[in-house]
1. For the range A:80-169, which GluC sites (Glu not before Pro) pass both filters: DSSP loop (anything but H, G, I, E, B) and at most 11 other C-beta atoms within 10 Å?
2. Note the buried accessible area between A and B here, summed over both chains, with a 1.4 Å probe, in Å² to the nearest 100.
3. Please list the non-local residues whose amide H lies under 5 Å from the amide H of B:V270, H modeled 1.01 Å from N, same-chain partners needing a gap of 5 or more.
4. Over what distance in Å are the Cα centres of the range B:34-104 and the range B:233-273 separated?
5. What accessible area per residue comes out for the range B:124-314, rounded to a whole number of Å², with a 1.4 Å probe?
6. List the residues of the range A:245-267 for which accessible area in the full set of protein chains is at least 20 Å² lower than for the chain on its own; 1.4 Å probe, protein heavy atoms only.
7. Any idea of A:F334's accessible area? Nearest 10 Å², probe 1.4 Å.
8. At a threshold of 8 angstrom on Cα-Cα distance, excluding pairs fewer than six apart, so keeping six or more, what relative contact order does the range A:102-298 reach in percent?
Amino acid sequence: MAFEGLADRLQQTIKKMTGKGKVNEQDVKEMSREVRLALLEADVNFKVVKDFVKKIRERAVGTEVMESLTPGQQVIKIVKEELTLLMGGEQSKIAVANRPPTVIMMVGLQGAGKTTTSGKLANLLRKKHNRKPLLVAADVYRPAAIDQLKTVGKQLNIPVFDKGTEANPVDIANEAIEYAKQEHLDYVIVDTAGRLHIDEQLMGELTQIKADLNPDEIFLVVDAMTGQDAVNVAESFDQQLNVTGVILTKLDGDTRGGAALSIRAVTDKPIKFAGMGEKLDELEAFHPERMASRILGMGDVLTLIEKAQENIDEKKAKELEEKMRSASFTFDDFLDQMEQVKSMGPLDELLGMIPGANKMKGLKNVQIDEKQIVHVEAIVKSMTRQERQDPGLMNAGRKRRIAKGSGRPVSEVNRLLKQFEEMKKMMKQMSGMQGGKKGKRKKGFNLPFM
Amino acid sequence: MSFFKKLKEKFTGSAETEEVSDKYKAGLSKTRSSFSAKLNDLVARYRKVDEDFFEDLEEVLISADVGVNTVMELVAELELEAKRQNIKDAIDLKELISEKLVEIYTDGDYTAEVPLNLNSAGLSVILFVGVNGVGKTTSIGKLAYQLKQEGKKVLLVAGDTFRAGAIEQLGVWGERIGVEVIKQSEGSDPAAVMYDGIQAARSRGADVLLCDTAGRLQNKVNLMNELSKVKRVIEREIPGAPHDVLLVLDATTGQNALVQAKTFSETTDVTGIVLTKLDGTAKGGIVLAIRKELNIPVKYVGLGEQMTDLEKFDPNAFVYGLFADMVTEQQMD
């Protein structure tokens, strides 16, 4: 999980100091060195680190920490405040042109993830903002880049404009706008070729596209794993194109992602979105404040709640509650429920958002095998309608048929049935507890796929 | 003889080495000017060697993405050395700094070039691994070209069945160079594609089989398992294969590159590194840390987008490129 390393380090530093009633100047010095190292290890640019540590030190030496009874807490608070400040407020809005189409240009180094992100962004615009986007294949240099965008477009069922590899990117972009107008598409996302910020010729091409299209947004796509050079890249692209925002990709890796801090600090441009996976719906709004919490290991509950709200159908949830109460919960409901949880994203990612989950022994680095979920699904789907409604029907013959149908051993079918029964029992007890009576504490049950 | 003189002598020996080092100099010009300029500036600013000097030195090295641990150790060593030799003037430390850096890289052996591990008696299989977007497919294209120029029969396997357009991308490279690409459709099992590739390489009597794989972040356990399965299939089909497992690293990557090297090594026993995109402003200093902590050598560097822009990694040329300004300076002294 991104930033976990940084959080761990800072927490260790603070731990060394807790237990002490008061903090002296030597402690502060030691702490700022640790904070400095942690940030440097997280790939935050050294200049940014210098300023940051200076601020922390100044505030820490002040009365705030020295006289506090809980110096550790105070320091975390300061670091968090300063981090949040450095990363700026949340800004995931996308511009809307007065006269459609709104034009978005995607720029960045090679391999940052522009093409994938273009697809994700188009998907987001359609899903969340109800827009009709057009993807434009303006990367005529990298072999098969156009094929890649076309495949992405096909997967999403979003139109892709291309003119092959012989056309000039500037012309492609210009014609795409005309095409969008004709087809009444309201967003145009131009996927440009990756290029080095020091490549004058190719940077000139981008300046030309910008001059012709007058885009409403220019998004700089940056790999979250970028090291110290992030600053040079961001500064250079920004100077030449005046980008309007940054999209950070591959944040689902285990990089500490200090580049986010650096880019923000040197360009003062907002990081608007973060790429959180290889699937085309895994682009999220970048929340600086939540990220700062995550940096400090405080979890990311807000994102979790938001995901749940987004993906769980309220009506269905009500129905489910009713069923749980009346204990008429069936395997069909179970499938439904699984679908909903699955649509929230990879389970290990969800776990990572629970505060303290990384501190719990059993949960640290837990990897949930998504395949097992598939197995459970296969078993349930191999049941007949009656069996799903009434698991009581199950006998040895039926179980063998289900095992065959799902390609899983009979023992696994048995295990699932048993777990399902336990689950139902639990539900009954839980709903029985409602109404104020304090029931006995029950042992927890395991979801069949955990 | 001074350290710089030794380096200089080595590189003015023959026309061939000069050509190579010129390419490095061009490719690394950004790296070099910023790095040695910074070092010069540092030395000029601090006449005396003190605590602040070492802290600034740390930053110069860190700015090149040399791993934090490596830098801390190096600086501690230098501090000790400075005390021992009673060095008080910053300028006297300059050469020592450079020498120490090269030492890490080459482990004292100034000719430590590590060539590709090819099987002279038959088919050689080279597996390419790495995270997303580092340049695996491009590096394969470039290496295929180079090997073909050397007269080898090369075959490519499109093992990235996941990313949209990846198979087509390798296909374009195959056409450009004129080598055959073994492929299946998108979404098929990469291990099965590898199997096909090996069978094809055998029946066509190929010398080298270059295997592309999908980019994957090293913390995705399931994807890493898939990769080790790919490797197992290769091992099972040809004893002793893969002869090289090359981890492709983006020079712009920071500290995470070390984690990448560690994790990919655990899964696939990486035998060498291809350092790509070194023609940018990034320094790729992390390879120092990787060499030091994991002892994985860099075998190739990518210095541009053309077919010919892949160079065998020559630590000397790299270092020469990095310190060329200082070498010239010394001569004028």
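1. Listed in order of number, the matching sites are A:E166.
2. 3600
3. B:S265
4. If we compute the Cα centre of each part, the gap is 32 Å.
5. Spelled out: the 1.4 Å probe surface of the range B:124-314, per residue, equals 31 Å².
6. Flagged in the range A:245-267: A:K250, A:D252, A:G253, A:D254.
7. Approximately 0 Å² for this residue.
8. RCO, the range A:102-298: 24 percent.
The values are calculated or read from the model by the stated rules, or taken from the named source; none is laboratory data. What you see is a predicted model; the values in this text were computed from it and never measured. As a convention, Cβ positions derive from the backbone with ideal geometry for all residues, glycine included, and neighbour counts pool all protein chains shown. The area values use the complete protein model at the heavy-atom level, side chains included, leaving out ligands, DNA and RNA. Shrake-Rupley method; radii C 1.70, N 1.55, O 1.52, S 1.80 Å.
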